[in-house]
Amino acid sequence: MSTSAQIGVTGLAVMGRNLARNFARNGYTVAVHNRTAARTRALVEEFGGEGEFVAAETAEEFVAALERPRRLVVMVKAGEPTDAVIGEFAPLLEPGDMIIDGGNAHFADTRRREAELRERGIHFVGTGISGGEEGALNGPSIMPGGSKESYAALGPMLEKISAKAADGAPCVTHVGPDGAGHFVKMVHNGIEYADMQLIGEAYQLLRDVAGYEPARIAEIFRTWNTGRLDSYLIEITAEVLSHVDAATGRPFVDVVQDRAEQKGTGRWTVQIALDLGVPVSGIAEAVFARSLSGHAALREASRGLAGPAPSPLDETEAAAFADRVEQALYASKIVSYTQGFHEIAAGSEEYGWSIDLGQVAAIWRGGCIIRAAFLDRIRAAYDARPDLPSLLSDETFAREIAAAQDDWRDVLVAATRQGVPTPGFAAALAYYDALRAERLPAALTQGQRDFFGAHTYRRTDREGSFHTLWGGDRSEVTA
């Protein structure tokens, strides 16, 4: 077999197959391989007219088909399957070659793999890819980690196949060393969870409080998508809500069980945030909301609990309420992105990655699931102030939150009075109020901790750690 392919893809399920086609469509000769050879042959037979493919049935043939430095993209399930593929191919590679993991790997696994392969002179590039099967084929947002040397050889190819933002910029950048790319993709997915939960709450409020049917709500979302909420998720929400089930003639959303599933990246975002000590309460509530939706027996047993029943508003009040929901959705969305970028900044500091937050926002402007018009403004905010402590510290976003907060609070009051659960909206507002509060009850918490566990506390009027000898004269001592 001739050494003619600039890049190879192993693992030809939907994502791998479409990524291979994307490379071929962009003029690259692509070696393709799958554990089941029939799938490799089927790809070439069906899509061979889209570009140049080199079909390989064995690992040895696959590696032999690649130009040096070899670029080998792995598109298999995260965890043990990825380790198995690395174990199969790494012995066939030489120093300077690279393995690119395009799956949803845990960043800690990526760090381990990168360190192990680095000792053998092989570059391991943990690469987050967002956009689903359509993005893989037509241009995803790509978040590669790994060494600068690997990006020099791989980056131009990724830039060519990636989505392009409205200004033509490719939606890919070298995120940082070892696990940085998969870390950023993890947080992307956490923000995605929050975004979807907030949209779901907006829908529920428009239905139960405003009294609108799905088709009407779809039109509202289409209108929102022409303004500051312009985004992929708002766009597809309108499509889902307007869809009518062919079998029953009912709104599609009414025939789907209300049990949301998840693949794990949202949970990882919350787990790692806890490890880093970063508050991502909005993302956490989105993860918990999906979890709660799946506890069918618990929900069934609780349906008889006391509480108000929603009472739809009249037409005039409903229209005004819908405008307030838009404000609450936008403000809560800003908080979700604020929390996500805070976690990326904390991870970058913890692991020494030096991630450029402005560039992260830039590559999320196209191709990925959370692509949204206001990411341009997030990019601009971080470009202007790379040390920006929070998106809420940016003057423009702070003004918008200030303008939205009365409606935001009114929506939550209405939701509470009518018994409509809005954990995402509520968590976002609580986070906002906690940040702006002059004093938090954490002072009392520290007093309690010192009382039962002598954990000490710090004072507002002088430096040092202190402990009160509780009981008796309650004298204070320096810890």
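The values are calculated or read from the model by the stated rules, or taken from the named source; none is laboratory data. In this text the structure is predicted, and so the values were computed from the model without any measurement. Don't worry about glycine lacking a Cβ; one is built from the backbone with ideal geometry, like all the others, and counts go over all protein chains shown. Please note that ligands, DNA and RNA were not included when accessible areas were found on the heavy atoms of the full protein model with its side chains. Shrake-Rupley method; radii C 1.70, N 1.55, O 1.52, S 1.80 Å.
Structural remarks
- Residue in the stretch 138-145 that is small (Gly, Ala, Ser), surrounded by 24 or more Cβ atoms within 10 Å (Cβ to Cβ) and more than 18 Å from the chain's Cα centre (by Cα) present: no
- Against the conditions (1) closer than 25 Å to PHE321 by Cβ; (2) open to solvent by less than 40 Å² (accessible area, probe 1.4 Å); (3) not hydrophobic (A, V, I, L, M, F, W, C), THR416 satisfies every one except (2).
- Of the helices (runs of 4 or more DSSP H) lying entirely inside the stretch 96-182, those carrying at least 2 residues that are touching a Pro at 6+ places or on another chain (Cβ under 6 Å) and either closer than 24 Å to ASN26 by Cβ or aliphatic (A, V, I, L, M) (or both) are 148-161.
- For beta carbons closer than 8 Å, sequence separation of 6+ or different chains, a first residue in the stretch 39-65 that is closer than 18 Å to GLU88 by Cβ and open to solvent by less than 50 Å² (accessible area, probe 1.4 Å) and a second that is in a helix (DSSP H, G or I) and aromatic (Phe, Trp, Tyr), the qualifying pairs are ALA56/PHE62; ALA59/PHE89; PHE62/PHE89; VAL63/PHE89.
- Annotation for the stretch 167-186: no member residue is acidic (Asp, Glu), buried (at least 24 other Cβ atoms within 10 Å of the Cβ) and closer than 18 Å to ALA273 by Cβ.
- Test set (1) buried (at least 22 other Cβ atoms within 10 Å of the Cβ); (2) out of contact with any Asp or Glu (no Cβ under 9 Å at 6 or more places or on another chain); (3) outside any helix (DSSP H, G or I) - LEU72 fails condition number: (2)
- Residue in the stretch 135-149 that is farther than 28 Å from GLY424 by Cβ and charged (D, E, K, R) present: yes
- If the condition is being open to solvent by 20 Å² or more (accessible area, probe 1.4 Å) and closer than 19 Å to ALA428 by Cβ, then the stretch 271-303 contributes LEU274, PRO279, SER281, GLU285, PHE288, ALA289, ARG290, SER291, LEU292.
- Close pairs (8 angstrom Cβ cut-off, 6 or more residues apart or separate chains): modelled with pLDDT of 95 or more and aliphatic (A, V, I, L, M) in the stretch 424-449, in a loop (DSSP other than H, G, I, E, B) and surrounded by fewer than 19 Cβ atoms within 10 Å (Cβ to Cβ) anywhere: ALA434/LEU440; LEU435/SER390
- Sole residue being of a type outside the set (Asp, Glu), modelled with pLDDT of 95 or more, under 21 Å from THR265 (Cβ atoms) and in contact with a Pro (Cβ under 9 Å, 6 or more places away or on another chain), chosen from ILE378, ILE355, ILE363, ILE344: ILE363
- Summed over the stretch 305-363, the residues that are touching a residue at least 24 places away in the same chain (Cβ under 8 Å), within 23 Å of THR173 (Cβ to Cβ) and open to solvent by 50 Å² or more (accessible area, probe 1.4 Å) give a count of 7.
- Pairs are defined by a Cβ separation below 6 Å, a sequence spacing of at least 6 or placement on different chains, a first member in the stretch 206-235 that is over 13 Å from VAL325 (Cβ atoms), and a second member that is assigned to a helix (DSSP H, G or I) and open to solvent by 50 Å² or more (accessible area, probe 1.4 Å); the pairs so defined are ASN225/GLU235.
- When VAL85, VAL175, VAL125, VAL74 are checked against the criterion of being touching a Gly at 6+ places or on another chain (Cβ under 8 Å) and farther than 26 Å from LEU43 by Cα, VAL175 stands alone in meeting it.
- Only one of THR40, THR10, THR29, THR36 that is more than 30 Å from THR269 (Cβ to Cβ) and either of a type in the set (A, V, I, L, M, F, W, C) or in contact with a Gly (Cβ under 8 Å, 6 or more places away or on another chain) (or both): THR29
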